[in-house]
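S.K.: Structure in structure tokens, see below.
The values are calculated or read from the model by the stated rules, or taken from the named source; none is laboratory data. This one's a predicted model, so the numbers in the text were calculated from it and none came from an experiment. Note that we place each Cβ from the backbone using ideal geometry, even for glycine, and neighbour counts take in every protein chain shown.
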Amino acid sequence: MRNSFAAAKGTDTKVPELLGVYIGSAGNPHLKPYRAWSFDVSYEKYFGKKGYVAATGFYKKLQSYILNQTTVNYDFSQYIKDLNLSPGANNNLGIFTQPTNGDGGDVRGLELSASAPFNMFASWLDGFGAYGSYSRAASSVKLPDIIGLNPNQRVPTSGNISLPGLSKDNAKLTLYFEKWGFSAFVAGNYRSDYIGSVANDSIGGYPTLKRIKAQSWVSAQVGYDVQSGYLKGLGFRVEGNNLNDPTYVQLKSDGTVDSTNKTGHTLILKVNYKLQ
């Protein structure tokens, strides 16, 4: 994997403490992948051809994981000439972020899932069905000593936090129809809030935990595959994603909004042909 480096000087007048301050980021060629010993036990019960219920309990003992480390007062002097940058404020000190490894921790939880074709309940509902899943997970990982969180943050003195990027609750529900060459579904997804990154709020400050608010999003698809004739094998699909125009909200450590991003919805038309 190729390493990367990027740097810029703050120009946003809405954040005056960052004016003239270098902000940089880079990859990490020494980064280790997620590694864990895992154990799970599951129970599955099937009904007919497509119906089932399942429950899975899992436990993962983490050997290594990945999180973003932000270093405040990072010295950019060595890059100013190479990148043709003008001198910055604070003696060329700035904010530098790159992924790093943490080690030690665990993830444990339970996942429930079910699928039900509606013709199990009434023959006239043939083609309709639903499937859904729900998982609840708890985690605890130890922050590397180099992170140096603000002691005023709500972090246990042991330095343990929830695994960054992991929501405690995740759920999905899909309703579908499949018959006579037609196919359609609408799906709703939900994830609870989670730790997004370990970052800093200001120059000279401590890195802090930033959380991402709970999110939900809706997707749908409608399609048709020609079943006979000289067009047999031709298929059409219309896909819609983020149909509820979800908003991505990042919170500061004190619970106030740090940034928002409204992703907007997308519509995609697909045409495909399968050789017979």
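S.K.: Considering only residues of the range 74-111 that are among the polar types (S, T, N, Q) and modelled with pLDDT of 75 or more, which is nearest to Phe58 (Cα to Cα)?
M.R.: Applying the filter and picking the extreme gives Asn101.
S.K.: Can you name the residue in the range 97-119 that is hydrophobic (A, V, I, L, M, F, W, C) and under 21 Å from the mean Cα position of the chain (by Cα) and is also surrounded by the most Cβ atoms within 10 Å (Cβ to Cβ) among such residues? I'd like the intermediate steps shown before the answer.
M.R.: Narrowing the range 97-119 to residues hydrophobic (A, V, I, L, M, F, W, C): 107, 110, 112, 114, 116, 118.
Remaining after also requiring under 21 Å from the mean Cα position of the chain (by Cα): 107, 110, 112.
On the way: Val107: 20, Leu110: 13, Leu112: 14.
The residue in question is Val107.
S.K.: Going through Lys213, Lys172 one at a time, which residue ends up being under 30 Å from Glu111 (Cα atoms) and either modelled with pLDDT under 95 or acidic (Asp, Glu) (or both)?
M.R.: Answer to the selection: Lys213.
S.K.: Right, another one. Quick check on my filter: what residues within the range 28-60 are in a loop (DSSP other than H, G, I, E, B) and either charged (D, E, K, R) or surrounded by 14 or more Cβ atoms within 10 Å (Cβ to Cβ) (or both)?
M.R.: Once the filter is applied, which keeps residues that are in a loop (DSSP other than H, G, I, E, B) and either charged (D, E, K, R) or surrounded by 14 or more Cβ atoms within 10 Å (Cβ to Cβ) (or both), the range 28-60 yields Asn28, Leu31, Lys32, Lys49, Lys50.
S.K.: Filter the range 234-256 down to the residues that are loosely packed, with under 15 Cβ neighbours inside 10 Å and modelled with pLDDT under 85, then identify the one that is farthest from Phe182 (Cα to Cα).
M.R.: Within the range 234-256, the match that is farthest from Phe182 (Cα to Cα) is Asp254.
S.K.: Among all residue pairs at least 6 apart or on different chains, which show Cβ distances below 8 Å where the first residue, located in the range 216-229, is free of Cβ contacts under 8 Å to residues at least 12 places away in the same chain and the second is β-branched (Val, Ile, Thr)?
M.R.: Listed pairs, sorted by first residue: none to list.
S.K.: From Leu67, Leu62, Leu125, which residue is modelled with pLDDT of 80 or more and either out of contact with any helix residue (DSSP H, G or I) (no Cβ under 9 Å at 6 or more places or on another chain) or within 30 Å of Gly196 (Cα to Cα) (or both)?
M.R.: Leu62
S.K.: Are any of the residues in the range 220-233 of a type in the set (S, T, N, Q) and at pLDDT 95 or above?
M.R.: yes
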